[in-house]
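Single-structure report; data block below.
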Amino acid sequence: MQDYLIQFALLRERAFREPDNQALFRNLLFCSEVSGNHLECREFYTAVIDRHPYCSYAWYNLGWAFVSLDEPGEALEAFEYAYITQPYFEEAYKACAELAAQQGFHRRALQCYTEMNDHAEADSQVLARMGACYLRLGDVRTAKKMCRLALKLDPYHAEACYHLGACYLAEKDYRQAVRWLQEAVCNDGHQDAFHSLLAAAYNCFGQAQKALQHLWKAVEIAPETPAVWLQLAEHLLFSGNLRDAGEALEQALENAHSTDLLYCAAACQFLSGQREQAVDTLRQALLADANRHSDFFRWAPALRSDAEVQGLLRIYT
């Protein structure tokens with residue numbers, strides 16, 4: 001890491017003299033990503049921009065510094081300036097679009113993807129992402145159109161298949177949803193989201209065992225992700241399989257800690273008759289985030305009238 005800090009220091013003076021040197025700024029970005037000197041980068045790129053306000057590469061690198069510093073709003077603004085100062089800066093469009101989508105700003109992401117698509121030759125990845133944005137915005141018809149355009153360019157595009165399957169799931173056409181989500185998994189079986197959504201489609205289609213297989217595959221791929229464990233635990237709980245649900249939740253809490261998992265584990269323990277352990281787990285969940293306590297009753301609604309549970313709630317909420 002020290003070597004990259006030294007290399008960064010050697011390169012930074014050139015940036016003021018060579019604001020149009022893309023290779024130089026790529027090297028600076030690489031050094032900062034390896035060394036983690038993001039605060040220094042924020043100040044440095046701001047200084048470059050003060051001298052060269054139309055330096056798109058400085059704006060772009062500044063965006064990534066803000067991402068690393070967990071300042072998404074500032075990052076979005078920096079990426080936007082990067083492609084405004086250089087209208088065909090595809091990487092800046094892509095970074096802005098992906099970050100906007102992650103932050104839930106799907107209309108803004110769609111605008112970026114649309115401009116990318118207008119400036120360059122049609123791209124299956126961009127079309128698939130546009131489909132995802134349209135779906136999030138509630139325009140399922142256009143979302144399906146974008147996904148099909150992506151699949152015309154690349155019939156094996158897993159993400160396009162996934163989003164198309166999600167469109168059919170939103171329309172409650174479970175047969176088509178399963179079909180396209182199966183295609184997504186066949187084309188790329190290493191995405192936990194693909195398996196999770198296929199499991200949801202199988203559940204809607206009444207094929208609980210197939211759903212369970214894909215839920216286990218999802219947690220195998222992403223054991224550190226609480227949401228996939230929670231989906232598995234809920235499936236087992238609502239199927240009445242308390243023992244397997246409890247075992248799954250034990251594994252979940254060894255790999256991924258979250259308040260949701262604690263509340264779900266507490267509910268499962270109460271329902272399984274492990275009252276002493278359940279009280280302790282519920283107490284941990286309340287200490288972690290008492291405002292989320294209503295989720296507990298989603299899994300164990302009968303416990304709303306339980307005196308001991310209500311006593312704990314009075315203490316911690």
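Net charge in the neighbourhood of Gln7 (other residues with Cβ under 15 Å of its Cβ; Lys, Arg +1, Asp, Glu -1) is -1. State the answer as a single residue: which of Ala208, Gln176, Ala166 lies farthest towards the positive end of the charge dipole of the range 142-219, with beta carbon charges of +1 for Lys and Arg and -1 for Asp and Glu, about the Cα centre. Going by the Cα projections, it comes out as Gln176. Classify the range 142-219 as rounded, prolate or oblate, taking a ≥ b ≥ c as the square roots of the eigenvalues of its Cα gyration tensor: rounded when a/c is under 1.5, otherwise prolate if a/b is larger than b/c and oblate if not. It comes out oblate by the Cα gyration axes.
Think of it as helices only: each DSSP H run of n ≥ 4 in the chain is worth -39500 (n - 2.57), and spread over all residues that comes to -25000 deg cm²/dmol at 222 nm. A Cβ-based charge dipole, computed about the Cα centre of the range 170-269 with Lys and Arg at +1 and Asp and Glu at -1, lands at about 400 debye. Highest mean first, the peptides 176-183, 223-230, 299-306 sorted by other C-beta atoms within 10 Å per residue fall in the order 176-183, 223-230, 299-306. Sorting Ser294, Ser32 from the fewest to the most surrounding beta carbons within 10 angstrom yields Ser294, Ser32.
Each residue in Cys147, Cys268 was given a count of other beta-carbon atoms within 10 angstrom of its own, and listing them fewest first yields Cys268, Cys147. Mind pulling the angle between the C-alpha long axis of helix 106-119 and the longest principal axis of the chain? Nearest 10 degrees, somewhere in 0 to 90. It is inclined by approximately 40 degrees. Among the lysines of the chain, pairs that are 8 or more positions apart or on different chains and have alpha carbons within less than 22 Å of each other number 7.
What shape does the range 110-170 have by the C-alpha gyration tensor, where a ≥ b ≥ c are the square roots of the eigenvalues, rounded means a/c under 1.5, and otherwise prolate means a/b greater than b/c and oblate the rest? In terms of gyration-tensor shape, oblate. Can you tell me how the range 1-73 classifies by the Cα gyration tensor, rounded, prolate or oblate, using a/c under 1.5 as the rounded cut? Verdict is oblate for the range 1-73.
Simple point charges give the picture: +1 on the Cβ of Lys and Arg, -1 on the Cβ of Asp and Glu, and for the chain a dipole about the Cα centre of about 1040 debye.
A short reminder: the numbers here are calculations on the coordinates, not readings from a lab. What you see is a predicted model, and the numbers here were worked out from it, not measured in a lab. Cβ coordinates were reconstructed from backbone atoms using ideal geometry, including for glycine residues, and neighbour counts include every protein chain displayed.
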